[in-house]
Amino acid sequence: MPPADYTDTVATPYPGGPIRQAIFAHLASRQVSRVIYGAIIGLALIVALETHSPGVGSVVATLLGTATAVALAELYSEVIGFEATGRRKASRKELPHLAGDIAAVFLGIAFPSVFFILAAVDVFEEETAFEVAKWAGLGLIGLYGFAGARLSGNGRLNSFLKATGVALIGAALIGLKALVH
């Protein structure tokens, strides 16, 4: 849990309409790191399940179950960490701040389930769902890395390098699976 003076809000509003402002506010928040964290976990699950797939329904259940477990673990660890460092219990007023962070972790992990739901309704094959999920997850990780770097004031080249660095984590998972199988 962040210190009492921590805020995710930006002093000056972003240009554009409410949707654009909401997107920029999200990309400028702590939630960016949580989505990246969750997306790497989701990608690791996809890579692990691909070789011996239990079926699209089980993949969706595994992703959603893992997303729930990790989000709850994140909530629990944040509250315990806050209480340990603050030497007091977290108040009900302080807990809602965590909701966005927890939702971001959940969505990062659960993101690939969309492709398996589409495979379940015959939009495409299960094998295609695995391929699209892997590369979309890698793209999501890189996109968030780039956006976070740009919004922190980095130039395009430096932002690209930071995005590449975080995307290499996902690429390493995909490459490891290719080497092992």
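Values computed for the structure shown
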{"item": "Among the residues listed as Gly145, Gly108, Gly155, Gly170, the single one being small (Gly, Ala, Ser) and either surrounded by fewer than 16 Cβ atoms within 10 Å (Cβ to Cβ) or touching a Cys at 6+ places or on another chain (Cβ under 7 Å) (or both)", "result": "Gly155"}
{"item": "Flag if Leu138 is out of contact with any Ser or Thr (no Cβ under 8 Å at 6 or more places or on another chain) and free of Cβ contacts under 8 Å to residues at least 12 places away in the same chain", "result": "no"}
{"item": "Some residue of segment 74-84 being aliphatic (A, V, I, L, M), in contact (Cβ under 8 Å) with a residue 40 or more places away in the chain, in contact with a Phe, Trp or Tyr (Cβ under 8 Å, 6 or more places away or on another chain) and in a helix (DSSP H, G or I)", "result": "no"}
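We did not get these values from a lab; they are worked out from the coordinates using the rules stated. Since the structure is predicted, the reported quantities are computational estimates derived from the model, not experimental observations. Here the Cβ is made from the backbone with ideal geometry for all residues, glycine too, and neighbour counts use every protein chain on show.
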